[in-house]
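Structure below; questions to follow.
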Amino acid sequence: MSSDYNLDFEVPYYIIEHYYISGGVSVFFNFLVLYLLLFHSGKIGNFKFCLLSFQVSSIILDLIMTLFMQPIGLFPICAGYSYGILSRWYSWSSHLLMMMVAFFLSCQIETLMLCILQKHKTILGLRKLSNIPDWPYNCVFVVLGFYPFLVTFTLDLSSENHERQLELLNELYPALVDKFRSLPEFQYYVINDGMKMFLALALFGTVQAFVVETTLVIHMYRTLKSVQNQLSSITMGRHKSALRSLVAQFATTPVAMLPGGIVALCVVFPTDYSQKITWYSIMVMTTHSTLNAIVMILTYPQFKKNLMFWNKNMKRTSIATI
């Protein structure tokens, strides 16, 4: 394989078109879910707040990725540039935009965990054997709220200044330095202490989210089974419906996480196709919020009834709460 990795520094306009289309579709579906949550979901208390937080973080992340940033990777070199509105019109750096992506992607994952924790607390309270203390959940909520800031901070630590980036590129990829200089702006990351901490936190966050959410879901199903004789069929159905929707939403997270893993593999094991593979991976990643919103609409029965105009004569006051 050649030392320049056959990198294409031209703007791939088909990816830009994908960003606009994917972003527009995603924002539409996520705003639709916001509307359904606000006006057609009944009173669901703290759980509703968690769902709303998840949708808001999804909308902001999609806007950053598909409109404001529009990242173009130069992999297998850990570098890239932005073609979005904030980059071209307002000269925002790719690093700053990348920090925003890291922050809101972390928020998206953590708010989904908050939804599951809040539902776990509610279902555990159905046992009525003893009062469930709030402090363990509150402690976890604080930790989850702090995590996105920590991830973003470590990513910021990993960035070298522009001159240092050019020096490193000149040492490692001298044939490509002039092409990098020709770009309006770019970001090149090296594996320094800050990047090691960022990668460690990202890996830890992904693994712990999978383990914790899987454990809580199994525990919730077992709890519902143990109290099913004490609850009405309507109440049981309501809780099972909400739980099924959360599980389905959790099942869509690989669409957001696996592309990141593929990008990392392309950096570790570079090939002549690494750049195209990472482009397509990021394109797939931008479809996650759309898929998640569709899953949410289809798995909450009340949302389907309102959206598909099912059960038109149902009174608003009889809308089941989740």
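Does residue 138 satisfy the condition of being assigned to a helix (DSSP H, G or I), in contact with a helix residue (DSSP H, G or I) (Cβ under 6 Å, 6 or more places away or on another chain) and either of a type in the set (S, T, N, Q) or without any contact (Cβ under 8 Å) to a residue 60 or more places away in the chain (or both)?
no
Report whether or not residue 211 is hydrophobic (A, V, I, L, M, F, W, C) and under 20 Å from the mean Cα position of the chain (by Cα).
Spelling it out, residue 211 is indeed hydrophobic (A, V, I, L, M, F, W, C) and under 20 Å from the mean Cα position of the chain (by Cα).
Sticking with this structure for a sec: Aliphatic (A, V, I, L, M) and closer than 23 Å to residue 187 by Cβ: which single residue out of 34, 51, 74, 38 fits that description?
Step by step, each of 34, 51, 74, 38 is checked, and only 74 is aliphatic (A, V, I, L, M) and closer than 23 Å to residue 187 by Cβ.
Checking the structure you have, find out if any residue of the stretch 126-135 is touching a residue at least 24 places away in the same chain (Cβ under 8 Å) and either in a helix (DSSP H, G or I) or among the polar types (S, T, N, Q) (or both).
Yes, because at least one residue in the stretch 126-135 is touching a residue at least 24 places away in the same chain (Cβ under 8 Å) and either in a helix (DSSP H, G or I) or among the polar types (S, T, N, Q) (or both).
What single numbered condition from (1) part of a helix (DSSP H, G or I); (2) surrounded by fewer than 18 Cβ atoms within 10 Å (Cβ to Cβ); (3) free of Cβ contacts under 8 Å to residues at least 24 places away in the same chain fails to hold for residue 149?
Condition not satisfied by residue 149: (3).
Looking only at residues that are surrounded by 18 or more Cβ atoms within 10 Å (Cβ to Cβ) and not hydroxyl-bearing (Ser, Thr, Tyr) in the stretch 278-290, which one is nearest to residue 237 (Cα to Cα)?
Selected residue: 288.
Further question on the same structure: Residues 106, 91: which one is small (Gly, Ala, Ser) and within 25 Å of residue 8 (Cβ to Cβ)?
That would be 91, the only listed residue that is small (Gly, Ala, Ser) and within 25 Å of residue 8 (Cβ to Cβ).
For residues that are touching a residue at least 60 places away in the same chain (Cβ under 8 Å) and touching a His at 6+ places or on another chain (Cβ under 8 Å), scanning just the stretch 247-282, find the one that is nearest to residue 298 (Cα to Cα).
253
Need pairs with beta-carbon distance below 9 Å; first residue basic (Lys, Arg) and within the stretch 155-174, second surrounded by fewer than 17 Cβ atoms within 10 Å (Cβ to Cβ); sequence gap 6+ or separate chains.
Once the first residue is basic (Lys, Arg) and sits in the stretch 155-174, its partners that are surrounded by fewer than 17 Cβ atoms within 10 Å (Cβ to Cβ) give 164/190.
Now for a separate question. Somewhere in the stretch 207-226, is a residue buried (at least 16 other Cβ atoms within 10 Å of the Cβ), polar (S, T, N, Q), in contact (Cβ under 8 Å) with a residue 60 or more places away in the chain and touching a Cys at 6+ places or on another chain (Cβ under 9 Å)?
No, the stretch 207-226 has no match at all.
Can you tell me which residue among 221, 280 is among the hydroxyl-bearing types (Ser, Thr, Tyr), out of contact with any Lys or Arg (no Cβ under 7 Å at 6 or more places or on another chain) and at pLDDT 90 or above?
280 is the lone residue from the list that is among the hydroxyl-bearing types (Ser, Thr, Tyr), out of contact with any Lys or Arg (no Cβ under 7 Å at 6 or more places or on another chain) and at pLDDT 90 or above.
Step by step: first the residues of the stretch 154-180, then only those that are hydrophobic (A, V, I, L, M, F, W, C) and crowded, with 17+ Cβ neighbours inside 10 Å, then the one that is nearest to residue 195 (Cα to Cα). Which residue is that?
155
Please verify whether the stretch 29-45 includes one or more residues that are of a type outside the set (D, E, K, R), modelled with pLDDT of 95 or more and part of a loop (DSSP other than H, G, I, E, B).
Within the stretch 29-45 (the criterion being of a type outside the set (D, E, K, R), modelled with pLDDT of 95 or more and part of a loop (DSSP other than H, G, I, E, B)), the answer is no, since none of the residues qualifies.
Helices (runs of 4 or more DSSP H) wholly in the stretch 200-287 with at least 2 residues that are touching a strand residue (DSSP E or B) at 6+ places or on another chain (Cβ under 7 Å) - which ones?
274-285
Taking the stretch 70-85 only, how many residues are under 14 Å from residue 12 (Cα atoms) and either in contact with a Gly (Cβ under 8 Å, 6 or more places away or on another chain) or assigned to a strand (DSSP E or B) (or both)?
Residues in the stretch 70-85 being under 14 Å from residue 12 (Cα atoms) and either in contact with a Gly (Cβ under 8 Å, 6 or more places away or on another chain) or assigned to a strand (DSSP E or B) (or both): 8 in total.
Each row is one residue, and each column tells you yes or no for (1) hydrophobic (A, V, I, L, M, F, W, C); (2) modelled with pLDDT under 95.
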residue	(1), (2)
65	yes, no
68	yes, no
71	no, no
75	yes, yes
84	no, no
93	no, no
98	yes, no
110	no, yes
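The values are calculated or read from the model by the stated rules, or taken from the named source; none is laboratory data. Since we're looking at a predicted model, the values are computed, not measured. FYI the Cβ positions are ideal-geometry reconstructions off the backbone, even for glycines, and counts take in every protein chain you see.
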